[in-house]
Amino acid sequence: PEGLQAWAEEVRDLARRRDAVLLAHNYQLPEIQDVADHTGDSLALSRIAAASSASTIVFCGVHFMAETAKILAPDKTVLIPDAAAGCSLADSITVDQLRAWKAEHPGAVVVSYVNTTAAIKAETDICCTSSNAIDVVASIPADREVLFLPDQFLGAHVRRTLKRENMHVWAGECHVHAGINGATLTQQAKEHPDAELFVHPECGCATSALYLAGSGAVPEDRVKILSTGGMVDAARASKAKQVLVATEVGMLHQLRRAAPEIEFRAVNERASCRYMKMITPEKLLRALREGRDEVHVDPELAARGRAAVQRMIEIGQ
Ligand code: 13P
Ligand code: SF4
């Protein structure tokens, strides 16, 4: 449509004038993904933010992602089109709770998922994302205790994969992914017996997916636990006719672009993140016109969290 094209041209033009790079997470609205310079998962976007030569980063995603970019690139201006775009998972642990947990396990290595506030990152040894969580925990000497936070489903997946008994997992969750449950996945897998399953490890159904594979209900090679970036790569390599996708529904846009011949179906069509969807075309335009909302991270907190975030972007694919 004409209006959309004019909007995209104005966005591109303002971005050029501001010397800004536009980053969009895979859960963003399709038009935001299409206008961005780069779309990707949390790890890929953090790496791009760290390496970019642009003086401004416009982060179309949620607040912790923009904060992570600011921690990695403190001299750049980081803008988010709506600073109120939060994350229920990041909200599931407070700094006081983390300090109390650390006091119960002196000497443990703290691994925080990137979905955390800058204040939590400042209390963290290594950050990880869904695409490198296993590699990050595997990099820690086997005799060290690990405190993994805040996502219980991702934590359980890492613990099970590495068979690591001295790893403790915080009981947090993302309301969107927790709502994609095992019963729904099992039902859909039954209704679509030839489909592949792409499952994000934050999902409540991640254990059920492994059970389906382990019990032979779905052939093992058709069940994949993946980050959102991993899903795009897997879509490109897939020979399947149909894929059931267990994650936030914004993901379908990149998957359909990557493999138009495959039919992608959401396991739960209501799995939409209201925070991700707060970044609207109008607010992106406003961000570029008015230079808002600017993301600030307390320099002392940023300095304390930087090493943990840097280790995250160095480890894994
Ligand atoms: P990834 O894109 O890193 O897989 O993360 C998913 C997510 O929920 C981000 O909020
Ligand atoms: Fe946070 Fe969940 Fe939304 Fe991702 S989908 S930003 S984890 S609330």
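The values are calculated or read from the model by the stated rules, or taken from the named source; none is laboratory data. A quick note: this is a predicted structure, and the numbers were derived from the prediction, not measured. Note that we place each Cβ from the backbone using ideal geometry, even for glycine, and neighbour counts take in every protein chain shown.
Count, please, the residues in region 133-152 that happen to be over 20 Å from Arg304 (Cβ atoms) and buried (at least 23 other Cβ atoms within 10 Å of the Cβ).
Number satisfying all stated conditions: 2.
Might you let me know whether region 260-274 holds any residue that is away from ligand 1 (no atom under 13 Å from the Cβ), within 30 Å of Ala15 (Cα to Cα) and not aliphatic (A, V, I, L, M)?
Among the residues of region 260-274, at least one is away from ligand 1 (no atom under 13 Å from the Cβ), within 30 Å of Ala15 (Cα to Cα) and not aliphatic (A, V, I, L, M), which makes the answer yes.
For a quick check of your reading of the model, give me the residue pairs whose first member lies in region 81-104 and is more than 16 Å from Glu123 (Cβ to Cβ) and more than 9 Å from ligand 2 (Cβ to nearest atom), whose second is acidic (Asp, Glu) and assigned to a loop (DSSP other than H, G, I, E, B), with beta-carbon atoms closer than 6 Å and at least 6 apart or on different chains.
As it stands, the answer is Ala83/Asp293, since those pairs meet every condition given.
Does Lys121 meet the test of being of a type outside the set (Ser, Thr, Tyr) and under 19 Å from the mean Cα position of the chain (by Cα)?
Values: of a type outside the set (Ser, Thr, Tyr): yes; under 19 Å from the mean Cα position of the chain (by Cα): yes.
Yes: the conditions hold for Lys121.
In region 209-227, how many residues are out of contact with any Pro (no Cβ under 9 Å at 6 or more places or on another chain) and assigned to a helix (DSSP H, G or I)?
Qualifying residue count for the region: 8.
Please list, ordered by first then second residue, the pairs with beta carbon atoms under 9 Å, 6 or more apart or interchain, first in region 197-222 and within 16 Å of ligand 2 (Cβ to nearest atom), second basic (Lys, Arg) and not in a loop (DSSP other than H, G, I, E, B).
So the pair list comes out as Phe198/Lys224; Val199/Lys224.
For region 135-187, what are the residues that are touching a residue at least 60 places away in the same chain (Cβ under 8 Å) and away from ligand 2 (no atom under 16 Å from the Cβ)?
Asp135, Val136, Ser139, His168, Thr184, Leu185
Of the residues Thr68, Thr56, only one is over 19 Å from the mean Cα position of the chain (by Cα) and among the hydroxyl-bearing types (Ser, Thr, Tyr); which?
Residue meeting the stated conditions: Thr56.
Where in region 109-208 are there helices (runs of 4 or more DSSP H), lying wholly inside it, with at least 1 residues that are of a type in the set (Lys, Arg), within 16 Å of ligand 1 (Cβ to nearest atom) and not assigned by TED's automatic domain parsing to the domain that holds Ser227? Explain how you work it out, then say what you get.
Working: elements: 118-121, 133-138, 152-162, 175-178, 182-191.
Result: 118-121.
Pick from region 240-283 the residues that are closer than 21 Å to Ala189 by Cα and among the acidic types (Asp, Glu): which of them is farthest from ligand 2 (Cβ to nearest atom)?
Top of the filtered list is Glu261.
Within region 57-79, identify whether any single residue is touching a His at 6+ places or on another chain (Cβ under 9 Å), polar (S, T, N, Q) and surrounded by 24 or more Cβ atoms within 10 Å (Cβ to Cβ), and answer yes or no.
Looking for residues that are touching a His at 6+ places or on another chain (Cβ under 9 Å), polar (S, T, N, Q) and surrounded by 24 or more Cβ atoms within 10 Å (Cβ to Cβ), one finds none in region 57-79, hence no.
Touching a Ser or Thr at 6+ places or on another chain (Cβ under 6 Å) and either within 16 Å of ligand 1 (Cβ to nearest atom) or under 20 Å from Asn26 (Cβ atoms) (or both), is that true of Ser92? Break it down into steps so the answer makes sense when it comes.
Details: touching a Ser or Thr at 6+ places or on another chain (Cβ under 6 Å): no; either within 16 Å of ligand 1 (Cβ to nearest atom) or under 20 Å from Asn26 (Cβ atoms) (or both): yes.
Against the criterion (touching a Ser or Thr at 6+ places or on another chain (Cβ under 6 Å) and either within 16 Å of ligand 1 (Cβ to nearest atom) or under 20 Å from Asn26 (Cβ atoms) (or both)), Ser92 does not qualify.
Say we look at region 228-254 and pick out the residues that are over 18 Å from the mean Cα position of the chain (by Cα) and not in a helix (DSSP H, G or I); which of these is surrounded by the fewest Cβ atoms within 10 Å (Cβ to Cβ)?
Only one residue tops the list, namely Lys239.
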